[in-house]
Every structure is written in structure tokens, then in C-alpha cells.
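Before any comments, here is the structure.
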Amino acid sequence: MKYTVTVPPTKEQGSYKTTVTGSSTQTYRQEALQDYNSCRAHDGLQAITRMPAGTTYTPMYEYEIQGWYGDSWEMVTTEGTRKEAKEQIKCYRENEQRAFRIVRVPA
């Protein structure tokens, strides 16, 4: 799953925003810390061991359009926002005679 990490400004550095996913070797929080320390190193600052207070981790989602194909729901396409998914599902419903639905899934 993807997360948007937002770090508030500190005395040493301005605000910072990144997207992380984590992996089999490190958590998304560890990846965020590594990324933030890389940014700090670029500015000539020392690495830190904890993210600054006020850091937020917001999960990111996608919206799947699924169609009913006889015996099961199948993913037809994916959109980044619910608004885009609603626009797309309207097109599918106009052109195909089957049931469609929108499902929010982790990005």
C-alpha cells in the first residue's frame, strides 16, 4: 500500500512531502525516514533517528470499476479518484448491458 508522508517544517528544514510503499526489507515508516534523511543530507544536515513531531502518514487509494460477467465481478479499469471513476462507470453503463460497481482498493 502507498502512503503520502507529510512532514511539517522544523527549525532546520522546511516542510517535506513524499510517497512511500515499504518493502519486504523495511516498513513504510522506515522508508519515509530513510527518504527524509536523504533530503536532509542533501542540505548538509545530520541524519535523525525519528521523524519530526506532527508527521502524518495518509494511505492512498485507487478506485476499481468492476463488471459482472456472469458468475463473478471482474476488474475492468482503475481510476485515481472517485470522481474519475464515476465519470468512467457512466460510459460503461451507457455502452454495455451489465452491472458495474466502484470499489475502493489500496494503491
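The values are calculated or read from the model by the stated rules, or taken from the named source; none is laboratory data. Keep in mind the model is a prediction, meaning the values are calculated, not measured. Counting neighbours? That spans all protein chains shown, and the Cβs are built from the backbone with ideal geometry, glycine included.
Could you please give the count of residues in the range 39-71 that are part of a loop (DSSP other than H, G, I, E, B) and of a type in the set (A, V, I, L, M, F, W, C)? Going through the range 39-71 one residue at a time, the tally reaches 6.
For GLN66, the conditions (1) over 30 Å from ARG29 (Cα atoms); (2) modelled with pLDDT under 95 all hold with the exception of (2). Mind listing just one residue for me: the one in the range 23-40 that is more than 17 Å from THR58 (Cα to Cα) and surrounded by 12 or more Cβ atoms within 10 Å (Cβ to Cβ) and, of those, farthest from the chain's Cα centre (by Cα)? Ranking the candidates gives ARG40 first.
Just one of the listed residues (VAL7, VAL20) is of a type outside the set (Ser, Thr, Tyr), surrounded by 11 or more Cβ atoms within 10 Å (Cβ to Cβ) and touching a Ser or Thr at 6+ places or on another chain (Cβ under 8 Å), and it is VAL7.
Residues that are over 15 Å from TYR61 (Cβ atoms) and assigned to a helix (DSSP H, G or I) within the range 77-107 comprise GLU87, GLN88, ILE89, LYS90, CYS91, TYR92, ARG93, GLU94, ASN95, listed in sequence order.
In the range 61-107, of all residues being farther than 25 Å from THR21 by Cβ and aliphatic (A, V, I, L, M), the one that is surrounded by the most Cβ atoms within 10 Å (Cβ to Cβ) corresponds to ILE89.
A search for C-beta distances below 6 Å between a residue of the range 13-38 that is in a strand (DSSP E or B) and any residue that is basic (Lys, Arg) and surrounded by 15 or more Cβ atoms within 10 Å (Cβ to Cβ), counting only pairs 6+ apart in sequence or on different chains, returns THR19/LYS2.
Within the range 77-107, the set of residues being among the hydrophobic types (A, V, I, L, M, F, W, C) and either under 24 Å from TYR28 (Cβ atoms) or in contact with an Asp or Glu (Cβ under 8 Å, 6 or more places away or on another chain) (or both) comprises ALA85, ILE102, VAL103, VAL105, ALA107.
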